[in-house]
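The values are calculated or read from the model by the stated rules, or taken from the named source; none is laboratory data. Everything numeric here is computed off the predicted structure, so don't read it as measured data. Don't worry about glycine lacking a Cβ; one is built from the backbone with ideal geometry, like all the others, and counts go over all protein chains shown.
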Amino acid sequence: KELYKRTVRLVGGSYDWQNQQQLSLSEKTLNFIKILFENLIPPLNFVFNTFKDNRLENINSKIQVCWVMFCVRYISAWEIIRLKLGGVSAR
């Protein structure tokens, strides 16, 4: 729950900052699409690096770390869509 709130807050702040920039509508739309796709693409490099990392001793720890990363990515994507559709940021 804390991770969810923190992710939503960070995405909201980033989204608000992007909207304050003096960009054209097409530039804002391109930024939105770029950020959305970055969050929707599974973090495969992160997963590979996590499984190669020796600091995480067992497979359960590695799976949990990967699961958290996936959750953060998809929470971010959902929040970006919500804000683009007129939602208010939770900063």
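Quick rundown of the values:
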quantity	calculated
Any hit, segment 68-80, residues being over 14 Å from the mean Cα position of the chain (by Cα) and basic (Lys, Arg)	no
Pair list, Cβ under 8 Å, 6 or more apart: segment 50-77 residue farther than 19 Å from ILE35 by Cα, other residue among the aliphatic types (A, V, I, L, M) and not in a helix (DSSP H, G or I)	THR50/LEU56; LYS62/LEU56; VAL65/LEU56
Filter result (farther than 16 Å from ILE75 by Cα and either of a type in the set (Gly, Ala, Ser) or touching a strand residue (DSSP E or B) at 6+ places or on another chain (Cβ under 6 Å) (or both)) within segment 4-59	SER24, SER26
Helices (runs of 4 or more DSSP H) (entirely within the chain) containing at least 1 residues that are of a type in the set (D, E, K, R) and exposed (fewer than 13 other Cβ atoms within 10 Å of the Cβ)	2-20, 25-40, 44-52
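Yes/no per residue for (1) of a type outside the set (S, T, N, Q); (2) at pLDDT below 90; (3) in contact with a Cys (Cβ under 9 Å, 6 or more places away or on another chain):
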residue: GLU2; (1), (2), (3): yes, no, no
residue: THR7; (1), (2), (3): no, no, yes
residue: GLY12; (1), (2), (3): yes, no, no
residue: GLN18; (1), (2), (3): no, yes, no
residue: GLN21; (1), (2), (3): no, yes, no
residue: PRO43; (1), (2), (3): yes, yes, yes
residue: ILE63; (1), (2), (3): yes, no, no
